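Q: Have a look at the structure that comes next, please.
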Amino acid sequence: MTDTPFTPRVFSGIQPSGNLTLGNYLGAVRRFVEMQNSGIETIYCMVDMHAITVWQDPGDLRRRTRELAAAYLACGLDPKKSILFNQSQVPAHAELGWVLNCVTRLGWMNRMTQFKDKAGKNAEKMSLGLYAYPSLMAADILAYKATHVPVGEDQKQHVELTRDIANKFNHDYKVNFFPEPEPIIEGAATRVMSLRDGSKKMSKSDPSDMSRINMMDDADTIAKKIRKAKTDPEPLPDNLDDLAGRPEARNLINIYAGISGQTPEAVIAEVAGQQFGQFKPLLADLAVAHLSPIANEMHRLMGDVSEIDRILGDGANRAAEIAEPILAEVFDIVGFVRSR
């Protein structure tokens with residue numbers, strides 16, 4: 001327990017559910033890489049416990065967890081600069097998750113939109129884990145007293161819930177123990193949209209593989225998907241306001257900006273007046289040049305997973321060194337007898 005300011009620390013995680021996409025890269029992983037050089041401690045997790053809120057084939061789950069780790073590494077995350085691990089190897093997540101279940105109010109959980117979106121009309125057949133996983137997500141963050149959480153816009157609600165849970169724990173037990181973490185949402189392509197429908201988010205669960213660029217796609221596949229991306233017959237304007245009502249065009253400009261590191265305003269100024277027959281090849285060349293080395297390194301790492309497993313094991317040990325003392329203090333605060 002402390003009344004001193006909290007040490008800045010970044011935590012974020014991605015579910016290992018397969019087919020990491022360009023949207024995951026531009027909206028999350030690329031920012032993870034940038035943050036590891038910011039001087040703030042960075043902790044990045046493959047949240048495999050969240051994955052099993054819906055049934056997973058065990059072999060697929062192991063492969064996808066390693067594949068996600070390979071993507072982290074291939075995109076530039078350095079295990080010497082950041083802590084990389086899979087959630088299930090650090091028991092503090094689940095143990096703190098139970099304590100926070102007992103702090104979290106049902107009314108808060110009922111307001112969470114993602115359960116409603118995923119369960120649809122079959123809510124009665126869904127697992128308790130799918131309903132309660134936002135509380136475990138809060139535990140993921142608070143187990144490290146993380147102060148900043150890079151997330152996509154659609155995950156902001158979960159960080160807000162984490163803030164509510166942290167605040168209620170502190171209030172109930174009259175301590176200033178947990179920080180109220182801040183979501184970090186920034187960048188031109190934090191929400192990359194489908195290549196087939198600019199009104200929908202690019203998703204690994206979309207039935208059409210042409211709707212997304214997967215991080216393990218080869219150069220020919222990347223170029224083909226961009227060539228066939230849905231567009232409109234109008235040329236590109238010289239300002240972003242004129243892209244209103246043209247979601248597919250705006251999406252491709254955002255993707256170009258995200259990959260190149262430019263602002264959308266700078267991109268539209270460069271390509272104003274071009275038809276998509278001119279712009280798409282430019283975008284395809286840029287995407288291939290940037291993404292192909294990542295795909296090649298992912299394939300290399302997946303060819304011998306011993307390196308991945310070693311990195312995850314080491315990361316789990318380092319993560320546990322931070323989380324276990326925090327969890328022990330939580331147990332003391334709530335009144336658990338600890339005699340071993």
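Q: Can you say whether ALA166 is without any contact (Cβ under 8 Å) to a residue 40 or more places away in the chain and assigned to a helix (DSSP H, G or I), as far as the supplied structure shows?
A: Yes; evaluated as a whole, the condition is true for this residue.
Q: Can you tell me which residue in the range 23-49 is farthest from ASN254 (Cα to Cα), limited to those that are at pLDDT below 95 and touching a helix residue (DSSP H, G or I) at 6+ places or on another chain (Cβ under 7 Å)?
A: Only one residue fits best here, namely VAL29.
Q: Any chance the range 168-175 includes a residue that's buried (at least 21 other Cβ atoms within 10 Å of the Cβ), touching a Gly at 6+ places or on another chain (Cβ under 6 Å) and at pLDDT 85 or above?
A: Checking the range 168-175: not a single residue is buried (at least 21 other Cβ atoms within 10 Å of the Cβ), touching a Gly at 6+ places or on another chain (Cβ under 6 Å) and at pLDDT 85 or above.
Q: Just one of ALA138, ALA143 is in contact (Cβ under 8 Å) with a residue 60 or more places away in the chain and not hydroxyl-bearing (Ser, Thr, Tyr); which is it?
A: None of the others qualify; the one that does is ALA143.
Q: Would you check if there is a residue in the range 226-243 being among the acidic types (Asp, Glu) and touching an Asp or Glu at 6+ places or on another chain (Cβ under 8 Å)?
A: Yes: one or more hits.
Q: With respect to ASP314, is the statement that it is closer than 21 Å to GLU67 by Cα and modelled with pLDDT under 95 true?
A: no
Q: Within the group PRO237, PRO247, PRO207, PRO233, which residue is in contact with a Leu (Cβ under 7 Å, 6 or more places away or on another chain) and either surrounded by 20 or more Cβ atoms within 10 Å (Cβ to Cβ) or over 18 Å from ALA284 (Cβ atoms) (or both)?
A: PRO237
Q: Check off (1) farther than 21 Å from ARG9 by Cβ; (2) part of a loop (DSSP other than H, G, I, E, B); (3) of a type outside the set (S, T, N, Q) for HIS171 and give me the number that stays unchecked.
A: Going through (1) farther than 21 Å from ARG9 by Cβ; (2) part of a loop (DSSP other than H, G, I, E, B); (3) of a type outside the set (S, T, N, Q) one by one, HIS171 breaks only (2).
Q: So for the range 130-141 (the condition being of a type in the set (Val, Ile, Thr), closer than 19 Å to MET46 by Cβ and assigned to a helix (DSSP H, G or I)), does at least one residue qualify?
A: yes
Per-residue answers, yes or no, for (1) in the same structural domain as CYS45 (by TED's automatic domain parsing); (2) in contact with a Cys (Cβ under 9 Å, 6 or more places away or on another chain); (3) of a type in the set (Lys, Arg):
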residue: LEU128; (1), (2), (3): yes, no, no
residue: ASP197; (1), (2), (3): no, no, no
residue: LYS200; (1), (2), (3): no, no, yes
residue: SER203; (1), (2), (3): no, no, no
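Q: Assess whether ALA223 counts as being crowded, with 16+ Cβ neighbours inside 10 Å, closer than 21 Å to ASN296 by Cα and of a type in the set (Gly, Ala, Ser).
A: Spelling it out, ALA223 is indeed crowded, with 16+ Cβ neighbours inside 10 Å, closer than 21 Å to ASN296 by Cα and of a type in the set (Gly, Ala, Ser).
Q: Any residue that is closer than 30 Å to LEU136 by Cα and crowded, with 17+ Cβ neighbours inside 10 Å - is there at least one of those in the range 328-339?
A: For the range 328-339, residues closer than 30 Å to LEU136 by Cα and crowded, with 17+ Cβ neighbours inside 10 Å: present.
Q: Being surrounded by fewer than 17 Cβ atoms within 10 Å (Cβ to Cβ), touching a helix residue (DSSP H, G or I) at 6+ places or on another chain (Cβ under 9 Å) and in contact (Cβ under 8 Å) with a residue 60 or more places away in the chain is the filter here, so list the residues in the range 306-325 that pass it.
A: Residues satisfying the conditions are ASP309, GLY313, GLU324.
Q: Tally time: how many residues in the range 140-176 are touching a Leu at 6+ places or on another chain (Cβ under 9 Å) and not β-branched (Val, Ile, Thr)?
A: 5
Q: Got a sec? Which helices (runs of 4 or more DSSP H) wholly within the range 1-101 have at least 3 residues that are of a type outside the set (A, V, I, L, M, F, W, C) and either touching a residue at least 40 places away in the same chain (Cβ under 8 Å) or assigned by TED's automatic domain parsing to the domain that holds LEU283 (or both)?
A: 58-74, 92-101
The values are calculated or read from the model by the stated rules, or taken from the named source; none is laboratory data. Quantities reported herein were computed from a predicted structural model and do not represent experimental measurements. Reconstructed Cβ throughout: ideal geometry from the backbone, glycine too, with neighbour counts over all protein chains shown.
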